[in-house]
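Working notes, beginning with the structure itself.
The values are calculated or read from the model by the stated rules, or taken from the named source; none is laboratory data. Quick caveat, the model's predicted, so the values are computed rather than measured. Reconstructed Cβ throughout: ideal geometry from the backbone, glycine too, with neighbour counts over all protein chains shown. Side chains are part of the model used for accessible areas, which takes the heavy atoms of the whole protein and leaves out ligands, DNA and RNA. Shrake-Rupley method; radii C 1.70, N 1.55, O 1.52, S 1.80 Å.
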Amino acid sequence: MERDQHELYEYARRRIKQKKRLYFHFVLLISSSLFAFLATKIITFTFNLNWLILGLTLWAFLFILHFVKVFITDRFMNKNWEREQIDRLVALQSKKITDMSTKLNEETSNK
């Protein structure tokens, strides 16, 4: 029972840490975008500013990937999902081993 409580605590701690990093990422993205926008308006450059739009677009895409990982992927693929997959694969391997040993026993008894 204590082990389960510890696992639940560790899972909750990891999720909080993930969410905290995501929120920090979001605030950093918004503040950097605002700073870059204001800098380009205050300091007028004579060259093309497509690099700024490209950079912010790439950063927004990375933020979306981070969001998907934290709120979608990790929510469904947690420890329970991992245990179920391991149990399923172990059962499948055990069945294959049993089938192979049965087949081997049948072949050796026929000879």
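Structure notes:
- Nitroxide proxy distance, nm - points 7 Å out along Cα→Cβ at M100 and F61: 4.4 nm
- Only protein heavy atoms count here; on that basis, with a 1.4 Å probe, S31 has an accessible area of about 60 Å².
- With DNA, RNA and ligands ignored, accessible area of L58 (1.4 Å probe; Å², nearest 10): 100 Å²
- The angle separating the long axis of helix 2-42 from the principal Cα axis of greatest extent in the chain is about 30 degrees.
- Rolling a 1.4 Å probe across the protein heavy atoms gives segment 11-111 an accessible surface of 86 Å² per residue.
- The chain - Kirkwood radius from inverse mean 1/r over Cα pairs (Å): 19.2 Å
- The chain: angle of helix 79-110 to the longest principal axis, Cα-based, in degrees nearest 10: 30 degrees
- Only protein heavy atoms count here; on that basis, with a 1.4 Å probe, T57 has an accessible area of about 80 Å².
- Chain lengthening between L54 and F76 when straightened (0.36 nm per residue, less Cα-Cα): 4.7 nm
- Remark: the chain carries a charge dipole of roughly 380 debye about the Cα centre, counting +1 on each Lys and Arg Cβ and -1 on each Asp and Glu Cβ.
- Number of Lys pairs (Cα under 28 Å; 8 or more positions apart or on different chains) in the chain: 13
- Per-atom-type breakdown for the chain gives carbon and sulfur 68% of the accessible area (1.4 Å probe, protein chains only).
- Cα long-axis angle, helix 50-68 against the chain (0 to 90 degrees, to the nearest 10): 30 degrees
- Accessible area, probe 1.4 Å, largest first, for residues W81, W59, W51: W51, W81, W59
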